[in-house]
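Structure first, commentary second.
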Amino acid sequence: MASTVSNTSKLEKPVSLIWGCELSDQNKTFVFKVSDEDKCEHQLALRTVCLGEKAKDEFHIVEIVPEEEGADAKPVPIATLKPSILPMATMVGLELTPPITFRLKAGSGPVFISGQHIALEEDYSWAEEEGEEEEEGEEEEVEEDPESPPKAVKRPAATKKGAQAKKKKMDKEEESSEEESPAKKGKGAGRGRKPAAKK
């Protein structure tokens, strides 16, 4: 019998790459995006935002700009850094789906953003295994008339004679184990000794 796997339980094999970008006076924005032809699901897990060694002692504000500009879509600041106070911020649990636009709102930089680019590739090895199982299952099945009801499998019922024979066998085993056990023998009985004949 072949097992079925639903679409929600398909396996995905993650491929993780180190990713990074630089924001500065010359490049105030950076867009992280993937090609439309790529069918994988992508995520960007941010790890750190840090200032470069040449950063001036001023506030540097890094923000994420929403993809669609609108009344509700406002930029979200993710780090405010200053070399003398906080030169680096560690990001925990910030996983984003591309496209993502990073912008240096304030400061001259350089600001380095790093993280992990994770591509979830669909793993179809389960489909190949399932196909093999279906082929094996088809070979084992016997063709039946689709209109006829399925036949019940008959199992041999236990007969009284069989049950009695089994009981006798168990009784014999118990008796033989009692005879062999020295702890259950009488006090005067020993192996090979016969009781002395009375005169």
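The values are calculated or read from the model by the stated rules, or taken from the named source; none is laboratory data. No experiment lies behind these values; they were computed from the predicted model shown. Don't worry about glycine lacking a Cβ; one is built from the backbone with ideal geometry, like all the others, and counts go over all protein chains shown. Just the protein is used for accessible areas: all its heavy atoms, side chains included, with ligands, DNA and RNA removed. Shrake-Rupley method; radii C 1.70, N 1.55, O 1.52, S 1.80 Å.
Determine whether I113 is open to solvent by less than 30 Å² (accessible area, probe 1.4 Å) and in contact (Cβ under 8 Å) with a residue 60 or more places away in the chain. Taking the combined requirement at face value, the residue satisfies it. At positive phi and either open to solvent by 30 Å² or more (accessible area, probe 1.4 Å) or at pLDDT 95 or above (or both) - does that describe any residue in segment 77-98? Yes - at least one qualifying residue is present in segment 77-98. Out of all the residues in segment 59-76, which are open to solvent by 60 Å² or more (accessible area, probe 1.4 Å) and either β-branched (V, I, T) or more than 24 Å from P98 (Cα to Cα) (or both)? F59, V76 - these are the residues of segment 59-76 that are open to solvent by 60 Å² or more (accessible area, probe 1.4 Å) and either β-branched (V, I, T) or more than 24 Å from P98 (Cα to Cα) (or both).
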